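Written out below as structure tokens is the structure these notes cover.
Read the figures in this text as sums done on the coordinates, not as results from a lab. Here the structure is a predicted model, which is why all the values come from computation and not from measurement. All Cβ positions, glycine included, derive from the backbone under ideal geometry; neighbour counts span all protein chains shown.
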Amino acid sequence: MAAGAGTVKAAAFLDRDGVINIDRGYVFRREDFEFVPGTLDAARDLKSLGLALVVVTNQSGIARGYYGPEQFHALTDWMKETFAAHGAALDGVYFCPHHPTEGEAPYRQACGCRKPAPGLLLDAARDLGLDLRRSVLFGDKASDLQAALAAGIPNRVLLGTDGREQPDQVFPGGLATECFRSLGDAVHSNAMRTLLARLPQEPAAA
């Protein structure tokens, strides 16, 4: 789901399950998809700051045979419509359907797109004309932050899964640059909002 490459932009990358919606495990039906409270408002605020909005999500349920690509795309189309209706149109949705040990070919494979690999982020940057050095990723797992680090994203925000509570995991080596309970809490914090507002204004490094 790519747009033509234009002006190099800063982006806010969002993991899906646990960040955008309640992680019930392999969600592929609309009736099981529940937005984490405050997510759509926060996404609208990110968009208003001039950031591209890109979802990057592992979907090994496809490899495991729990649902097919068609079901994933149908849910994604509805999710995109919902974001757009709230003034937070998504610029792209990138997903990995693979798993290294589960399922059958072609989905059973060691790939470069399954987080913590950076493939989804690199693909989005290429397709959408994004400057990863001026971008931020919001995720609730170490693999999200590791993918961002590998892609060269300096702002890596760890959120509590489902927005329930402040994350209690501590990752070594400065993997998380900030920690918040939810996307809404992150976007509406004074310090984070100042950072986010600055990203679209900064020129790309030479």
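Tabulated data
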read-out: Cysteines without a disulfide-compatible partner [the chain; Cβ-Cβ under 4.7 Å]; value: CYS111, CYS179
read-out: Lysines whose Cα lies under 22 Å from that of LYS141, excluding same-chain neighbours fewer than 8 positions away; value: LYS115
read-out: Phi-based couplings in Hz for region 121-138 (Karplus 6.51, -1.76, 1.60; Gly and Pro marked x); value: 5, 5, 4, 4, 4, 5, 6, 9, x, 10, 9, 5, 6, 10, 10, 9, 10, 10
read-out: Reference-scaled alpha-carbon Rg (2.2 N^0.38 Å with N residues) for region 114-191; value: 1.07
read-out: Label point distance in nm, SER143-GLU81, each placed 7 Å from Cα along Cα→Cβ; value: 3.0
read-out: Principal-axis tilt of helix 69-85 within the chain, Cα atoms, nearest 10 degrees; value: 30
